[in-house]
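What follows is a short report on a single structure.
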Amino acid sequence: MTENNNLQRKPYSMKNREKGEVRFSFVSRTSSCGIMLYDRTTGILREKIPFTEEDRTGYVYCKTVEDIDPGECTYLFYEEDRLVPDERAKVFPGKAVYGKERGIQDLRAGFDTGEFDWGEDCPPRISYSEMIGYCLHVRGFTGHASSGVSHRGTFAGIREKIPYLKEIGVTTLELQPAYEFTELPLKEEEQRFPLMTPYGISEESSAGRLNYWGYKKGYYYAPKAAYASAGDAPREFRELVRALHEVKMELVMQFYFPGDVNRNEIASILHYWGREYHVDGFHLMGENLPVDLLASDDLLADTKLWYYYFDTDRIYGRAERPLYPHLGEYNDTWYYEMRKFLKGDGNMLGSVLYHMRHIPEKAGCIHYLTNYFGFTLADLVSYDYKHNEANGEDNRDGNDYNASWNCGEEGTSRRQSVKRLRIKQMKNAMCLLLLSQSSPLIFMGDEFANSQKGNNNPYCQDKGVAWLDWKDVKKNAEILEFWKMLTAFRRKYPILHPDRELRLMDYLACGYPDLSYHGKYAWQPQTENGYRHVGIMLCGKYAKSGAGCDDTFLYIAINMHWESHRLALPRLPRGVEWERAFSTEIPGGTKTVSQPEEDSEWQRSIESRSIQVYVSSPAKEKKA
């Protein structure tokens, strides 16, 4: 078995095209192994170079080969009569065709010179309090013809969409596996392979099944060649990162490490991507990873690290607080609790209020209602059951329980009442996401109601349901505009995104706690089993606006019950009154309408399954 293949090189200038020397490293438990050098242009074998006993230390073979032009050759290793790709190759040259079956010869490695003009590139280091995340699949994001980009399904395609991502308020991109992996089994490999998921589930996949997502052991040092528009994936990936940094956006990469990956090497992989590609963070996936060691790694202290959970007291000690909190909890707790509340389940209100305010003391918390797995936002309100028939596994794959509700009809509906309710539920979901105090994240296309037709596990679906249809931007413009309004609203009011968890206390002695809850009567919340409605007040005196002034009072009235309810608004300081900012009940969200007649100055009727948001504003003179 090959375990650790590595290539190191001395400084080399491609501009001068001078021949130099390259040091190859390879781990093997056989005595007959070596290097196969090929002509990069013709693919013809140039030289077979065996490792000798003098090259071996333990199981590691190292040899320096002289008189090599890295721009003109590629290589493989061999063990006895078997060719072996370099698991630690930095680049696989040439334009790879996505979804085309490859053999070992197609994985001949090349050399990354590392030559790239980063200019004055500077990492944005966006705090978790300012972050709005967006998870995407490189190919699926712009693969569809409707995406309007010149380089569809590539790193360059994402770069073309940066103005759009800025417009919808995104600060941080999270890429599904974008390092090199084989989406189909190699021709020389056994024609069945386990489909691994980040949650420890192993399903036997049939012969030739496409691994679209890429959650399998990969070639962790090389950007995926098929995600490049031309033959230079390293350059195109660097151009993407540099372009994001220029507009103060950051990039986080998912790395999935199954059990057979050497845990001692993970830090080296992350160091490499941080150093060579200026990546801003990593979402670590896999079980039993050395997260404490990675969290304490001095070279990663300014790099976002996301994992299911971090024991920050053990990592930092109880008294220490990190200068730049870079760790982030990323798990499904918020996901399921909020989905159940959204569809009207009982006994959820207490946990929902906790999740909406929770921020770990020494880390961030990334919360989401949708992700690459499970239903999209549009499908969450359109399907009670998964519809994965297109995957070819008799609908047995994917989660059976999605905490979803179809709003009265399964799948596509022509009934206007169902369609309006679905729009309102999507807006409610967006409010829960963006009005919670930790770091929100959505999956690509949810901002304009992208649907996967009820497929909650499109791991093997290229094109079709897994690709965004950008025509939905116009079709579902009401949803997109509401999302953009909400992201701007969140940015405007710092009290919505504090850097520490609010304490539900009046520790400023200003007459109001930073956060308080209300029911039919002010200051008297009702969170027992049967209640699905609550008022949340955020006091702006506990946050500062950009001008250094106190922020605004905000009141979020939530009613996920199927009946309307009255909620009390607390009295504000003299000279200030409540003004409605928006409501999910109103088409468009922000259209001004008069309050119902039964509303009083300090109480509001909240329609069924709706959210209303109020802000404090100077009191208007009342007519005599």
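Every number here is computed from the coordinates shown, using simple stated rules; none is lab data. Nothing here was measured: the structure is a model prediction, and the numbers come from that model. Cβ atoms come from the backbone with ideal geometry, glycine included; neighbour counts cover every protein chain shown.
Here are some notes:
- For the chain, with +1 on Lys and Arg beta carbons and -1 on Asp and Glu, the positive-most of Tyr98, Ile35, Tyr134 along the dipole: Tyr134
- Whole-Hz Karplus values for the range 510-518 come out as 9, x, 9, x, 5, 9, 8, 10, 9 Hz, taken residue by residue from phi with 6.51 cos²θ - 1.76 cosθ + 1.60 and θ = phi - 60°; glycine and proline positions read x.
- For the chain, averaging the sequence separation of C-alpha pairs within contact (under 8 Å, six or more residues apart) and dividing by the residue count gives a relative contact order of 10 percent.
- About its Cα centre, the chain has a charge dipole of approximately 2160 debye under the convention of +1 per Lys or Arg Cβ and -1 per Asp or Glu Cβ, with nothing else charged.
- Ignoring lysines fewer than eight residues from Lys620 along the same chain, the ones with Cα atoms less than 21 angstrom from its Cα are Lys591.
- For Ala222, nonlocal amide neighbours, meaning residues 5 or more places apart or on other chains whose placed amide H falls under 5 Å from its own, are Glu180.
- Too-long pairs where the Cα-Cα distance tops 18 Å, listed order kept, from Lys343/Lys419; Lys386/Lys427; Lys419/Lys453; Lys248/Lys304; Lys224/Lys304; Lys427/Lys453: Lys386/Lys427; Lys224/Lys304; Lys427/Lys453
- Placing a pseudo-label 7 Å from each Cα along the Cα-to-Cβ vector at Lys362 and Val97 gives an inter-label distance of 5.3 nm.
- Cβ-based net charge around His271, under 12 Å, with every Lys or Arg adding one and every Asp or Glu removing one: -3
- Estimated from the Cβ-Cβ distance and a Förster radius of 35 angstrom, the FRET efficiency linking Leu299 and Tyr401 is about 0.30.
- Other-chain or far-sequence residues with amide H under 5 Å of Cys135's (modelled H): Glu174, Ile442, Phe443, Met444
- Extended-chain gain in nm, criterion 0.36 nm per residue less alpha-carbon gap, Tyr336 and Trp602: 92.4 nm
- For the range 96-101, the Karplus equation 6.51 cos²θ - 1.76 cosθ + 1.60, evaluated at θ = phi - 60°, returns couplings of 7, 9, 5, x, 8, 4 Hz by residue, with Gly and Pro reported as x.
- Trypsin sites (Lys or Arg not before Pro) within the range 236-281: DSSP coil, no more than 15 neighbouring Cβ in 10 Å: Lys248
- Computed from the C-beta positions of Arg420 and Lys620 and an R0 of 41 Å, the FRET efficiency is 0.80 to the nearest 0.05.
- Anisotropy class of the range 397-517 from Cα gyration tensor, a/c 1.5 cut: prolate
- If you sort the three axes of the alpha carbon gyration tensor as a ≥ b ≥ c, you get a/c of 1.5 or more for the range 330-390 and a/b no higher than b/c, which makes it oblate.
- Summed side-chain charge close to Asp345 - residues other than Asp345 whose Cβ falls under 10 Å, Lys, Arg +1, Asp, Glu -1: +3
- Global geometry of the range 341-440, whether rounded, prolate or oblate, following the gyration tensor of its Cα atoms and the 1.5 cut on a/c: oblate
- Label point 7 Å beyond Cα of Ser564 along Cβ direction - residues of the range 489-522 with amide nitrogen under 20 Å: 519-522
- Antiparallel DSSP beta bridges within the chain, as percent of all bridges there, nearest 5: 70 percent
- Of the chymotrypsin sites (Phe, Trp or Tyr not before Pro) found in the range 306-391, those that fall in a DSSP loop while having at most 15 other beta-carbon atoms within 10 Å are Tyr309, Tyr385.
- Here's how it looks for Leu504: its modeled amide H is under 5 Å from those of Asp514, Leu515, which are all 5 or more places away or on a different chain.
- Residue list for the range 64-106, given a label point 7 angstrom along the Cα-to-Cβ vector of Glu276 and an amide N cut-off under 15 Å: 70-71, 75, 86-94
- Here is the list for the range 105-154: GluC sites (Glu not before Pro) lying in DSSP coil, each with at most 13 other C-beta atoms within 10 angstrom of its C-beta, are Glu115, Glu120.
- Value of [θ]222 nm, deg cm²/dmol, for the chain, DSSP H segments ≥ 4, -39500 (n - 2.57) each, nearest 500: -5000 deg cm²/dmol
- Extension gain, Lys217 to Glu239: 0.36 nm times the residue separation minus the Cα-Cα distance gives 5.3 nm.
- Extension gain, Arg500 back to Glu115 (0.36 nm per residue minus Cα-Cα distance, nm): 134.5 nm
- Charge-dipole axis of the chain as Lys and Arg at +1 and Asp and Glu at -1 on Cβ define it, positive-most pick from Asn388, Trp273, Pro525: Pro525
- Taken about its Cα centre, the range 439-573 carries a charge dipole of about 220 debye when Lys and Arg each add +1 at the Cβ and Asp and Glu each add -1 at the Cβ.
- Theoretical FRET efficiency, 1/(1+(r/R0)^6), r = Cβ-Cβ of Ser268 and Tyr385, R0 41 Å, to 0.05: 0.40
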